[in-house]
1. By DSSP, what percent of the beta bridges with both residues in the chain are antiparallel, rounded to the nearest 5?
2. Return the FRET efficiency for the residue pair residue 392, residue 255: r is the Cβ-Cβ distance, R0 is 35 Å, and the value is rounded to the nearest 0.05.
3. Rank these for me by crowding, 371, 192, going from fewest to most other beta carbons within 10 Å.
4. Using mean Cβ contacts within 10 Å as the protection proxy, how do 321-329, 398-406, 214-222 order, highest first?
5. Quick one: helix 437-455 against the long Cα principal axis of the chain, what's the angle to the nearest 10°, folded into 0 to 90?
6. Of the listed peptides 296-305, 178-187, what is their order by residue-averaged count of other C-beta atoms within 10 Å, with the highest listed first?
7. Can you list the residues of the stretch 321-338 with backbone N under 17 Å from a point 7 Å past the Cα of residue 371, pointing along Cα to Cβ?
8. Just subtract the alpha-carbon distance of residue 216 and residue 177 from 0.36 nm times their residue separation and send over the number in nm, one decimal.
Ligand code: COA
């Protein structure tokens with residue numbers, strides 16, 4: 001096969017994965033389906049994405065996060081909530097919008113994980129948090145899975161406030177029981193007249209508990225909360241008025257959340273090579289490694305990459321570059337496996353990045369650390385541990401992008417999810433698992449062969465082949481990018497052509513620092529108390 005054929009085949013394979021991603025995104029955008037969407041519109045209400053559009057600056061970018069949460073699970077794709085980073089009066093904000101067309105906006109285990117991750121991103125990057133609330137509260141049949149961990153959402157909201165990161169809740173509809181604490185714990189609250197219903201228990205439960213007769217409006221309407229309980233700071237005439245009021249609040253407070261560098265410079269020198277070619281660089285067959293310098297040449301400013309230790313530990317490429325003007329240190333796997341030299345080079349490079357306060361980008365394409373007697377003797381565990389130590393204790397912001405494979409402890413050394421990178425994205429071709437599907441099914445087969453021999457029973461070759469094929473197919477399915485993103489092991493799957501834009505935005509966000517009034521010696525120890 002000529003190189004051209006290889007590139008064309010790679011591109012075709014990647015476009016197929018991109019089409020799968022688009023199909024999943026369409027599912028998320030469809031919310032609860034036409035019937036529920038139509039009913040919602042007929043009630044004169046806006047959909048979550050329409051609310052977001054009216055909240056953010058016109059024609060500004062919106063980085064949607066975790067859009068395919070719950071993909072491959074029993075729950076609808078998107079998990080009944082839309083979240084992402086949008087701009088309000090030029091300031092980046094974290095937006096979390098319930099989708100009331102999906103089971104009344106009820107919170108299932110994926111919804112919870114998604115919104116809690118959004119809270120973590122807001123805290124780490126000092127982004128004002130805007131909740132667009134309309135939710136039936138806990139998904140009741142699943143309450144056992146969400147009740148206890150759910151408390152963290154309210155804890156995190158007030159901790160944002162204590163860290164002097166503004167929190168705003170706009171209530172469009174139901175916010176019952178636990179849901180009522182979203183406005184309850186927020187710095188600013190805006191309730192839509194005639195729509196907001198915020199109570200610890202709705203009329204039926206109150207009747208059950210105390211025998212008292214009531215109705216939604218008396219018990220938890222916007223007028224009552226705006227004039228009597230004081231839970232509503234502003235009562236809006238309608239949804240559009242509420243979003244206008246939210247913009248007004250954020251105009252005054254959002255820019256005070258952080259000190260940051262100027263936003264990405266659209267005039268920063270673009271790569272000299274066409275980003276479209278990012279589709280044809282990754283091998284269609286993941287087992288065939290490819291040169292990450294080809295990827296970097298299509299992502300970084302002016303395609304300029306100053307490589308560090310280019311002749312040492314060559315299966316890991318390290319070096320310095322900038323993206324939209326933001327300096328970054330890069331660690332990128334070049335030949336799949338990591339050896340002792342690569343691990344040591346990584347540890348040294350991570351220290352250099354810390355010494356110069358430079359954020360790091362990990363481009364994952366690794367099958368893990370090298371195995372075998374010679375490598376054990378040379379201390380591969382010790383050296384892998386050295387690299388994991390450096391990654392775990394590094395203080396500069398980390399961004400991780402899986403551009404191929406991310407297997408075994410290689411996932412850990414290359415700053416996988418457990419190592420808390422600020423943001424973690426994957427390309428649609430990416431895979432992640434404890435090991436490759438063939439290796440995993442092969443290991444299982446060897447283990448059962450040994451077990452049969454130990455018991456002195458004959459080994460059923462036919463059954464073994466069938467089990468191997470089944471396990472291989474299952475692992476292949478579980479390790480695919482959409483399946484990983486569905487489980488919320490990353491912040492989203494991105495089209496390779498968007499990489500530079502996404503990373504530039506994330507590097508800018510990571511440059512945001514605590515302003516003087518938020519330092520512990522100036523800020524109180526508590527979130528703002530609601531009176
Ligand atoms: N848990 C599980 N499913 C829920 C739910 C919840 N908390 N809230 C709503 N749903 C389901 C409904 O059963 C319905 O399912 P179906 O269409 O398959 O029959 C679907 O979501 C839509 O609900 P519906 O009542 O038709 O929508 P609505 O827009 O008219 O009203 C609510 C939405 C949220 C006001 C209403 O469903 C409600 O009051 N839910 C219970 C709220 C509550 O008390 N929660 C306690 C939280 S701790």
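Taken together, the values in this text are just the output of simple stated rules run on the coordinates, not laboratory data. Just so it is clear, the model here is predicted, and its values are computed rather than measured. Heads up, the Cβs are rebuilt from the backbone with ideal geometry, glycines too, and the neighbour counts pull from every protein chain shown.
1. Numbers: 24 of 66 bridges.
Around 35 percent of the beta bridges assigned by DSSP in the chain are antiparallel ones.
2. 0.55
3. Working: 371 11, 192 27.
Neighbour counts put them in this order, fewest first: 371, 192.
4. On the way: 321-329: 21.3, 398-406: 26.2, 214-222: 17.7.
Descending mean neighbour count gives 398-406, 321-329, 214-222.
5. 70 degrees
6. Numbers: 296-305: 20.6, 178-187: 23.0.
Averaged packing, sorted descending, gives the order 178-187, 296-305.
7. In the stretch 321-338, the label zone of residue 371 (backbone N under 17 Å from the point 7 Å along Cα→Cβ) covers 336-338.
8. Working: separation 39, 0.36 × 39 = 14.04 nm, distance 1.34 nm.
Taking residue 216 through residue 177 to full extension adds about 12.7 nm, to one decimal.
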